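> Below you will find the structure I want to go over with you.
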Amino acid sequence: MSAYAILHLARRMTLLASMKPLYTVHQGRRYRLIFRNASDDIHPLHLHRHSFELASIAGKPTSGVIKDVVMLGGFQELAFDFVADNPGLTLFHCHQQLHMDFGFMALFKYA
(Lines give C-alpha, C1' and ligand atoms only; values in the text may rest on other atoms or scores of the structure.)
Protein backbone atom coordinates (compact mmCIF):
# COMPACT_ATOMS: atom_id res chain seq x y z
CA MET A 1 0.00 0.00 0.00
CA SER A 2 1.40 3.40 -0.97
CA ALA A 3 1.98 6.21 1.52
CA TYR A 4 -0.80 8.19 -0.19
CA ALA A 5 -3.23 5.30 0.24
CA ILE A 6 -2.34 4.92 3.92
CA LEU A 7 -2.84 8.66 4.56
CA HIS A 8 -6.11 8.63 2.64
CA LEU A 9 -7.38 5.65 4.63
CA ALA A 10 -6.34 7.27 7.92
CA ARG A 11 -8.20 10.46 6.95
CA ARG A 12 -11.36 8.50 6.12
CA MET A 13 -11.19 6.53 9.37
CA THR A 14 -10.82 9.76 11.36
CA LEU A 15 -13.81 11.28 9.57
CA LEU A 16 -15.99 8.21 10.18
CA ALA A 17 -14.98 8.06 13.85
CA SER A 18 -16.18 11.65 14.30
CA MET A 19 -19.56 11.12 12.59
CA LYS A 20 -22.74 11.20 14.63
CA PRO A 21 -25.68 8.99 13.58
CA LEU A 22 -28.33 10.98 11.69
CA TYR A 23 -31.01 8.30 11.62
CA THR A 24 -32.27 5.68 14.05
CA VAL A 25 -33.72 2.39 12.81
CA HIS A 26 -35.48 -0.35 14.75
CA GLN A 27 -34.51 -4.02 14.56
CA GLY A 28 -36.77 -5.99 12.20
CA ARG A 29 -38.54 -3.02 10.61
CA ARG A 30 -38.57 -2.40 6.86
CA TYR A 31 -37.57 1.06 5.62
CA ARG A 32 -37.90 2.76 2.23
CA LEU A 33 -35.29 5.28 1.17
CA ILE A 34 -36.22 7.57 -1.74
CA PHE A 35 -33.69 9.60 -3.71
CA ARG A 36 -34.13 12.34 -6.30
CA ASN A 37 -30.98 13.31 -8.17
CA ALA A 38 -31.21 16.99 -9.06
CA SER A 39 -27.93 16.97 -10.99
CA ASP A 40 -26.42 15.23 -13.99
CA ASP A 41 -23.89 13.43 -11.75
CA ILE A 42 -24.13 9.67 -11.41
CA HIS A 43 -24.27 8.45 -7.81
CA PRO A 44 -23.32 4.85 -6.96
CA LEU A 45 -25.28 4.54 -3.69
CA HIS A 46 -24.10 2.00 -1.13
CA LEU A 47 -25.58 0.79 2.16
CA HIS A 48 -23.03 -1.03 4.31
CA ARG A 49 -23.86 -4.25 6.19
CA HIS A 50 -27.27 -4.66 4.50
CA SER A 51 -28.78 -5.67 1.20
CA PHE A 52 -31.76 -3.78 -0.15
CA GLU A 53 -34.57 -4.42 -2.61
CA LEU A 54 -34.84 -1.94 -5.45
CA ALA A 55 -38.46 -0.69 -5.49
CA SER A 56 -38.24 1.70 -8.44
CA ILE A 57 -35.65 3.34 -10.65
CA ALA A 58 -36.09 6.07 -13.25
CA GLY A 59 -39.86 5.95 -12.79
CA LYS A 60 -40.10 2.20 -13.39
CA PRO A 61 -41.29 -0.06 -10.56
CA THR A 62 -39.17 -3.11 -9.82
CA SER A 63 -39.34 -5.99 -7.39
CA GLY A 64 -37.04 -8.80 -6.39
CA VAL A 65 -33.84 -6.96 -7.40
CA ILE A 66 -31.52 -7.29 -4.39
CA LYS A 67 -28.43 -5.06 -4.25
CA ASP A 68 -26.00 -3.37 -1.90
CA VAL A 69 -24.91 -0.75 -4.47
CA VAL A 70 -27.16 0.89 -7.07
CA MET A 71 -26.38 3.54 -9.70
CA LEU A 72 -28.59 6.62 -9.48
CA GLY A 73 -28.37 8.31 -12.88
CA GLY A 74 -28.51 12.02 -13.58
CA PHE A 75 -31.92 13.61 -12.95
CA GLN A 76 -33.37 10.23 -11.93
CA GLU A 77 -35.30 9.01 -8.93
CA LEU A 78 -35.03 5.69 -7.17
CA ALA A 79 -36.44 4.00 -4.12
CA PHE A 80 -35.19 0.99 -2.22
CA ASP A 81 -36.35 -0.96 0.82
CA PHE A 82 -34.18 -2.55 3.45
CA VAL A 83 -34.87 -4.50 6.61
CA ALA A 84 -32.98 -3.39 9.70
CA ASP A 85 -31.64 -6.86 10.49
CA ASN A 86 -27.96 -6.30 11.26
CA PRO A 87 -27.59 -4.23 14.46
CA GLY A 88 -24.74 -1.79 14.72
CA LEU A 89 -23.65 1.45 13.11
CA THR A 90 -24.36 1.40 9.39
CA LEU A 91 -22.89 3.76 6.82
CA PHE A 92 -24.82 4.91 3.75
CA HIS A 93 -22.92 6.88 1.13
CA CYS A 94 -22.22 7.73 -2.48
CA HIS A 95 -19.22 5.75 -3.69
CA GLN A 96 -17.71 8.76 -5.45
CA GLN A 97 -14.98 9.93 -3.09
CA LEU A 98 -15.45 13.61 -3.90
CA HIS A 99 -19.14 13.32 -3.01
CA MET A 100 -18.26 11.66 0.30
CA ASP A 101 -15.73 14.42 0.97
CA PHE A 102 -18.55 16.94 0.54
CA GLY A 103 -20.80 15.04 2.95
CA PHE A 104 -22.88 12.69 0.80
CA MET A 105 -23.05 10.08 3.53
CA ALA A 106 -25.04 9.32 6.64
CA LEU A 107 -24.73 7.03 9.62
CA PHE A 108 -27.64 4.90 10.85
CA LYS A 109 -27.86 3.52 14.37
CA TYR A 110 -30.13 0.87 15.84
CA ALA A 111 -32.48 1.81 18.70
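The values are calculated or read from the model by the stated rules, or taken from the named source; none is laboratory data. Just so you know, these numbers come straight off a predicted model, no measurement behind them. All Cβ positions, even for glycine, are placed from backbone atoms using ideal geometry, and neighbour counts span all protein chains on display.
> For region 74-92, which residues satisfy the criterion of being more than 15 Å from the chain's Cα centre (by Cα) and surrounded by 15 or more Cβ atoms within 10 Å (Cβ to Cβ)?
76
> Kindly check whether there is at least one residue in region 87-96 that is over 15 Å from residue 108 (Cα atoms) and in contact (Cβ under 8 Å) with a residue 12 or more places away in the chain.
yes
> Condition first: under 13 Å from the mean Cα position of the chain (by Cα) and of a type in the set (Lys, Arg). Now tell me which residues in region 22-63 satisfy that.
Of everything in region 22-63, those that are under 13 Å from the mean Cα position of the chain (by Cα) and of a type in the set (Lys, Arg) turn out to be 32, 49.
> Here is a further query. Does residue 13 meet the test of being in a helix (DSSP H, G or I), modelled with pLDDT under 95 and either surrounded by fewer than 12 Cβ atoms within 10 Å (Cβ to Cβ) or more than 16 Å from the chain's Cα centre (by Cα) (or both)?
Here the answer is yes, as residue 13 does meet what is asked.
> I need the full set of residues from region 22-43 which are aliphatic (A, V, I, L, M) and assigned to a strand (DSSP E or B), in order please.
Result: 25, 33, 34.
> Anything in region 33-71 that is under 15 Å from residue 106 (Cβ atoms) and either surrounded by 12 or more Cβ atoms within 10 Å (Cβ to Cβ) or of a type in the set (Asp, Glu) (or both)? List them, or say none.
33, 35, 43, 45, 46, 47, 48, 49, 50, 52
> Which residues, taken from region 66-101, are over 27 Å from residue 24 (Cβ atoms) and at pLDDT 95 or above?
71, 73, 74, 75, 76
> Further question on the same structure: Hey, which of the strands (runs of 3 or more DSSP E) in region 44-111, taking only ones fully inside, have at least 2 residues that are closer than 15 Å to residue 34 by Cβ? It would help to see each step written out before you state the result.
Numbers: elements: 52-57, 60-67, 69-72, 77-83, 90-94, 105-110.
Of the strands (runs of 3 or more DSSP E) lying wholly inside region 44-111, those with at least 2 residues that are closer than 15 Å to residue 34 by Cβ span 52-57, 60-67, 69-72, 77-83.
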